[in-house]
1. Does region 809-819 include one or more residues that are over 29 Å from residue 35 (Cα atoms) and under 37 Å from the mean Cα position of the chain (by Cα)?
2. Taking region 569-587 on its own, how many of its residues are within 22 Å of residue 539 (Cβ to Cβ) and more than 15 Å from the ligand (Cβ to nearest atom)?
3. Only one of 500, 517 is of a type in the set (S, T, N, Q), within 16 Å of the ligand (Cβ to nearest atom), modelled with pLDDT under 90 and not assigned by the TED database to the domain that holds residue 764; which?
4. If a residue must be touching a residue at least 60 places away in the same chain (Cβ under 8 Å) and open to solvent by 40 Å² or more (accessible area, probe 1.4 Å), how many such residues does region 507-531 contain?
5. Pairs please, first residue from region 420-446 and in contact (Cβ under 8 Å) with a residue 60 or more places away in the chain and more than 19 Å from residue 528 (Cα to Cα), second anywhere and open to solvent by 20 Å² or more (accessible area, probe 1.4 Å) and within 16 Å of the ligand (Cβ to nearest atom), Cβ atoms under 7 Å, 6+ apart in sequence or on different chains.
6. For region 637-656, which residues satisfy the criterion of being farther than 21 Å from residue 481 by Cβ and out of contact with any Asp or Glu (no Cβ under 8 Å at 6 or more places or on another chain)?
7. From 585, 518, 549, 537, grab the single residue that is closer than 26 Å to residue 446 by Cα and within 40 Å of the chain's Cα centre (by Cα).
8. Scan region 595-615 for residues that are among the acidic types (Asp, Glu) and under 19 Å from residue 674 (Cα atoms) and report the count.
Amino acid sequence: MSKRLIKVAKELNVATSTIVEFLTGKGFEIENKPIAQVSSEMESAVRQEFAKAISDKEKARKMEFGTRPTAPPPPPPPTVRATPPPPPPPPRPVTTPAPPPVQQPKPVAKAPQPPTPAPATPPQEEKKPTTTPPTEQKREVPGLKVMGKIDLEATKRRPAKKEAPKPAKKTPPAAQQRPEAKRAPAEQPAPAPKPADKPAAPAKPTAAEQPAPQTRQAGEKPDLHKTAEPKLRGLKVLGKIEIKKPEKRTTDDGRKKRKRKKITTGPPQTGGARGGRTDRGRTGTGGRSDEPREVSAKDIEDKIKATMARLQGGGGKKKRQRQRRDNRDRIREKQEAMMDDQTNDKLQVTEFVTAQELANMMDVGIGEVITACMNAGVIVSINQRLDAEIIELVAEEFNHEVEFINVDESEEEEEEYEDDPEDMESRPPIVTVMGHVDHGKTSLLDRIRDSNVIAGEAGGITQHIGAYEVKLPNGKEITFLDTPGHEAFTAMRARGAKVTDIAIIIIAADDSVMPQTKEAISHAEAAGVPMIFAINKIDRPGANPDKIKTELASMGYQVEEWGGKYQSQEISALNGVGIDDLLEKVLLEAEMLELTANPDRPAVATVLEASLEKGRGYVTKILVQHGTLRVQDILVAGEASGRVRAMFNERNKRVKEVGPGSPVLLLGLDGAPQAGEILKVMPSEQEARQLASRRAQISREQANRAAKRVSLDEIGRRLALGTFKELNLIVKGDVDGSVEALSDSLIKLSQETVQVNVIHKAVGQIIDSDILLATASDAIIVGFQVRPSSSARKLAEREGVEIKTYSIIYEAIDEISSAIEGMLEPTREENTVCQVSVREVFKISKVGTIAGCYVDEGKITRNTLIRVIRDGIVIFPLKEGQTGELASLKRFKDDVKEVRAGMECGLNIKNFNDIKEGDVIEGYEIIEVKQKMQSNN
Ligand SMILES: Nc1nc2c(ncn2[C@@H]2O[C@H](COP(=O)(O)OP(=O)(O)OP(=O)(O)O)[C@@H](O)[C@H]2O)c(=O)[nH]1
């Protein structure tokens, strides 16, 4: 599994640039971006490389914190505790020989120690009050006379006074010494430390302070002794201060300090809330977490009391306290919630949650989320919707795992109906006829319908219900979709419905494989629907079926009789030749597909068409796919719901029930679902309504989101989701050569992670069917020197299909290649600012060709960059990198700076005089595009 660079860097505590440098040096390819993916191979290399650094750092850390308390202190404390009483006698002799001045320098040498004693003193103060009771008993112990001795060296009187109370209050071992200390204070204190550390000398100089450490040891424990011993010597003054404090504590300060303690417990909580956030990143600090736990138990009691008091109507004096407690509680609860979150840290998110929502989910401040985004190089606002990559990154930052859930899936959990294999019955195949205009689609469908009308229904008034069934002499049935051509076919597929089982591609034998034929093939191919080629009009004198087969073979579709895998049939839709054979081949294909359905289950159907009819309400034409649909069934289809009021077949005959594979027209829905939407039978009207309204809500939500379809900018995001494996492209160009060249180059961009497919390529304008195919196949349209028709442009906008147009082949390749690599950084982009149609052309000598134009959209200015488009193909400028400019722009006879939509104007173009009536002048500007989020990362 690969990781983000930033994460690895954090784990190793190494700069990302260092890692990148190292990896690049090792021959890995990695970008210096925080979200760059680090493969496990790279990671292990990096870990190996930086392992030493990590361990060194770890050691260094331990040294800082651990050495003071652990290394030196542990040995002395135990000895001091255990030994002090027994060793006293031997030390004395030792002390005498030891020269006090000589050893004093030693403590001085241990420069670092002085700071430690200072902190050591406060603990003493706190503990002293608690130790007060034992002091009297301890006074009896004579062993602690040493204290007195120390005092003599420094300031005899004061230390003596101070020490006296200390020993009295403290340690039991000291008790014996104290009496001695009083009597012979000068020397005895020294021995006490000596036995512990051996260095008798240090004891003497610090004599005044040593008593203090001893008292600490008694009250506290080994740690204090350890730190004290080396440090005490230099810190005499501090010792004095400490001694004074304990005396006061016992009286007034005790209360104050108790209060302080309470206060300190409070702040840690608030601090915890603040610090908790930082802790998350560092996975918490042990010490702090302990405190709040203790406090929380008390606070719970307090809270109960406070609540009780409030219920009973407490006095105003305690109001603040209560408020404070409440605040603390709130903070603590928040903290606990965070802790819970951390343990249960898998976030289920839909894509495009806002920064605020993500912060709420993780229970962290929005500021932190924004900061995390900024650290990753992305500036976001509170309500900005974050994409998958960023969500992942931010969640990682807060130790959350992310699971992306599809809104549709999450909102609509379809319970899979499990069909019993025994209930499955074969159903008629559903066939779509597609082909080039005038190649005979309608004629074929009519011929089939007329010659194969279901028995007993001949002569009835037919109505268009989007499909019809035919029964063949052998009793087998076939359902033909007669929705016009591939538009309906792809429109349905674009909605996720796969209705067609088999596609008949009809090609006129006296013509050739035409652009629409190729499109039809592309559509069927993209849908994975088996094709049968019907070579029509074989009765025509110029018919040449072999030519068609050859063309098909050259496209990679070898027909069966030529050794290929595609069935084909020569037919004449006009006189009925070959139709039965064609239907036989359809049945054969259907047999191979083993089409079955269970008629005994709640019906599921696909909407073919829906409309609002006067007097009938919403009329929905459907094709039942599973189960049997009956009158009075409760339905939901897309955002519409209702109950089946009535159903009619294509003969306009009422039917009470419809089985799988049959089309029907139904009344009763409260809206018009879109073609391709699934109609389901629901158990209750309430559920149907709920589901419909939920879908309506989702579709609104989706409409608000970024384009649902793939776009170059979106590839990075999809790659992050891990679901993006194929990039489908439709390539349109001005000439065959460029289409081929561009397609080949684009296919070559395929990588291990992303396969680039050119699902359709053709010469000519980008038209509606390209958009439909792109919608159905989630493809991007790449146009080279061609433009979309205005209806195609609108359709693309509506469907969210991205059309990328280029004038330079390598730019197209570069951009798509960058997108695939997830590092698209568009900085300059074309923005169409106007569309002007040429209505008249005047040739004026010396001036050139003047075009009388009408501004259809936008505003053309004198400086607008332009290109001339004829029949959807760019005819000027043709040279790569060249831009078109106006030589003049006039309204009537006046030069003007700009002309707006709905106005006429005259213009001529620099270096271009071949302008013709009907040409379109497209004005555009080059704009600097803000870097998209994906590209930032
Ligand atoms: N000679 C001959 N003419 C045919 C045959 N099939 C269709 N035609 C003729 O070809 C023309 C076009 O046929 P249509 O069935 O309308 O073709 P289409 O593909 O449905 O056309 P659009 O609906 O416009 O896409 C009509 O004049 C038909 O009479 C055939 O097998 N032989």
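The values are calculated or read from the model by the stated rules, or taken from the named source; none is laboratory data. Fair warning: this is a prediction, and the values are worked out from it, not measured in the lab. Cβ atoms come from the backbone with ideal geometry, glycine included; neighbour counts cover every protein chain shown. Note: areas computed on protein heavy atoms with side chains; ligands, DNA, RNA excluded. Shrake-Rupley method; radii C 1.70, N 1.55, O 1.52, S 1.80 Å.
1. Going through region 809-819, the residues over 29 Å from residue 35 (Cα atoms) turn out to be 809.
Subsequent filtering for residues that are under 37 Å from the mean Cα position of the chain (by Cα) retains 809.
Yes, region 809-819 contains at least one residue that is over 29 Å from residue 35 (Cα atoms) and under 37 Å from the mean Cα position of the chain (by Cα).
2. Let us first name the residues in region 569-587 that are within 22 Å of residue 539 (Cβ to Cβ), namely 569-586.
Now drop any that are not more than 15 Å from the ligand (Cβ to nearest atom), which leaves 583-586.
Qualifying residue count, region 569-587: 4.
3. Values: 500 fails: within 16 Å of the ligand (Cβ to nearest atom).
Just one listed residue meets the conditions, 517.
4. Adding up the residues that qualify gives 7.
5. 436/514; 436/516; 437/516; 439/511; 440/537; 443/574
6. 639, 645, 646, 654, 656
7. That would be 518, the only listed residue that is closer than 26 Å to residue 446 by Cα and within 40 Å of the chain's Cα centre (by Cα).
8. Total satisfying the criteria: 2.
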